[in-house]
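Everything on this sheet refers to the single structure shown next.
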Ligand SMILES: Cc1cc2nc3c(=O)[nH]c(=O)nc-3n(C[C@H](O)[C@H](O)[C@H](O)COP(=O)(O)OP(=O)(O)OC[C@H]3O[C@@H](n4cnc5c(N)ncnc54)[C@H](O)[C@@H]3O)c2cc1C
C-alpha cells in the first residue's frame, strides 16, 4: 500500500465509500436517497483526494488573515482568504451544498455533504449561509438593499450571525447593541464579540434591542446588516480576528457597529423566535459535522492500527484494542443515527413559522438532544483515536490531533451543553414535547426503555424545578441513549 500523504492515511480514499455507517442510516431516513447516491460517491472521492490535503495545508499554513490597511494608508479591514480556500468554497457551491430554500424541498443533501465535509471551519461558512438564507427566505426582507441570498447563485453570497457580545453569549437578553429607527431603515450601534464568517459574509443577522426597551429576551429584535452601506463604504469595523484551537478556516472576529445600516427581519416583535430558529439549523450542522469528523478520526485510527505492529501483530488484532474498535464503531453508529434523525425530523417541518406546529417542537427537542450527544461523542471518539496512535497521536505534523481540536469547538458554539440541557427541559416542561417523543418511540423501544423514557419525561414535567435542572445534563444524555436504542433496531 502506498501512502498518498505523509500526514494522513485517509488521503486518497473515497470518504463516503469508506464509511461503514452513513449509507444505511441515510437510506433509512431519506426517501430520495437513491436519487443522490452517485453525488455522495463523487463528493466522497473529491473529499478524500483533494479536500483533505487542502484542508491540512490551509489549517497549518494559510488560515484567513486580517489585513488592516492598503499601501496608501486606507483602513480596509480585509479578511484575506487563501485562493486555495476560495477554490474549495467554489467547488462546494458547485456540489450544491447550499441550495435555494425557495426551490428545495429537502435539507438532507446539505447535511449529508456537511457530514462528509465536516471541517468545522470550512463547513461553518456554509452552515451560516444556509441558516441566513432560510431565515431571509421565510421572513424577508427582500429589498434592493438586501437581495435574497440563496447560496446557489453566482456570484455566491455568504451569510453570518452576529448575536454574541462579550457579556452576552448564552444569555442574549444582556445584548447591549442598540437599534434606532431612521426612516424606513434602522441604525445599529454596539460590539459583537464572536462573529464567524466576518469578512466573507455579505449579510449578517444581528440581534439588538430598540433604544429604551427593557432588556427582556422577548424584546430582542433581529435585523439583517449588509457588509457595505448603500454608498459602498464598510457598514461596520472588523476589530480583529480571534486565534482559535479549531475551526480556523472560518474567520471569527470582533465587530464594531456604529450606526450600521440594518433592515428588520420579518415581524420585529418575533425577533427571538427567528433568532432561536436560525440556531436550530446550525445546531443540526454541528451534530452531523461532529460525527463526520469523529468518523474521519476513527478511519485514520483503523488504518494505522491495521499496520502498526506491537508484540508481533498489528495492534488492531490485540484483543483489548479489537474490542475498543467495536465499541467505538457502535458509538459512531449511535451519534450518526441521532444526528441524522434530528435532521430528518426537521426536514419535515422547516417551512413552519412561529408559533410552530407539534412536529417542529419534536424536531427542536431532538435537535437539543442530538447536538449535545454528538458533540460529547466526538470529543470522546477523537480523543480515543489519538490514543490509538500512541505518542504519534499528539504530534501536530499528523492530522489526527486536529480532529480532536475541532471537536472541542463543537461542544461550545451553537449553545453549550448546559444550555441544551435547559432548553430540553423547557421544551418538555413548558411545551409538552416529551409526550410527542413517547408517541414516536412507542412500538420501537423495548418495554424497559419505554418505561425509562416515560419516567424521565414525567420527572421533567412535574418534578421540583431545582431537582430537574440539577439533573438535566444527565437526563439529556439518557434520553439520547433511549432514542438511539429505539431507532437502532430499524437500521440494517
Ligand atoms: C469558535 C467560535 C465561534 C463562534 N461564532 C459565533 C458567531 O458567529 N456568532 C455568534 O453570535 N456567536 C458565536 N460564538 C459564540 C458562542 O455561541 C458562545 O460562545 C456560546 O453560546 C457561549 O456563550 P459565552 O461564550 O458567552 O459563554 P457564557 O454564556 O458566559 O457561559 C459560560 C459558561 O456558563 C455556562 N452557563 C451559562 N448560563 C448557564 C445556566 N443558566 N446554567 C448552567 N450553566 C450556564 C455555559 O454553559 C458555559 O459553560 C462562537 C463561539 C466560538 C467558540
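The values are calculated or read from the model by the stated rules, or taken from the named source; none is laboratory data. Here the structure is a predicted model, which is why all the values come from computation and not from measurement. Heads up, the Cβs are rebuilt from the backbone with ideal geometry, glycines too, and the neighbour counts pull from every protein chain shown.
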Practice task
Evaluate region 236-243: report whether one residue or more is out of contact with any strand residue (DSSP E or B) (no Cβ under 7 Å at 6 or more places or on another chain), in contact (Cβ under 8 Å) with a residue 40 or more places away in the chain and either under 27 Å from residue 81 (Cα atoms) or surrounded by fewer than 24 Cβ atoms within 10 Å (Cβ to Cβ) (or both).
Solution key: no
Practice task
Assess whether residue 205 counts as being away from the ligand (no atom under 16 Å from the Cβ), in contact with a strand residue (DSSP E or B) (Cβ under 6 Å, 6 or more places away or on another chain) and either closer than 28 Å to residue 68 by Cβ or in contact (Cβ under 8 Å) with a residue 60 or more places away in the chain (or both).
Solution key: no
Completion exercise
Those residues of region 308-326 which are exposed (fewer than 14 other Cβ atoms within 10 Å of the Cβ) and either at pLDDT below 95 or touching a strand residue (DSSP E or B) at 6+ places or on another chain (Cβ under 9 Å) (or both) amount to none
Exercise for the section: Kindly indicate whether any position in region 327-338 is part of a helix (DSSP H, G or I), without any contact (Cβ under 8 Å) to a residue 24 or more places away in the chain and surrounded by fewer than 15 Cβ atoms within 10 Å (Cβ to Cβ). Expected result: yes
Completion exercise
Residues of region 213-233 being surrounded by 14 or more Cβ atoms within 10 Å (Cβ to Cβ) and under 28 Å from residue 144 (Cα atoms), in sequence order, are 219, 220, 221, 222, 223, 224, 225, 226, 227, 229
Exercise for the section: Return a yes/no flag: does region 66-84 have any residue that is touching a residue at least 60 places away in the same chain (Cβ under 8 Å) and within 30 Å of residue 336 (Cβ to Cβ). Expected result: no
Problem - Yes/no for residue 35 being assigned to a helix (DSSP H, G or I) and modelled with pLDDT of 95 or more - result: yes
Practice task
Hey, can you tell me all the residues within region 25-45 that are touching a helix residue (DSSP H, G or I) at 6+ places or on another chain (Cβ under 9 Å) and surrounded by fewer than 19 Cβ atoms within 10 Å (Cβ to Cβ)?
Solution key: 27, 28, 31, 32, 33, 34, 36, 37, 39
Practice task
Determine whether region 128-144 contains at least one residue that is touching a residue at least 24 places away in the same chain (Cβ under 8 Å) and within 10 Å of the ligand (Cβ to nearest atom).
Solution key: yes
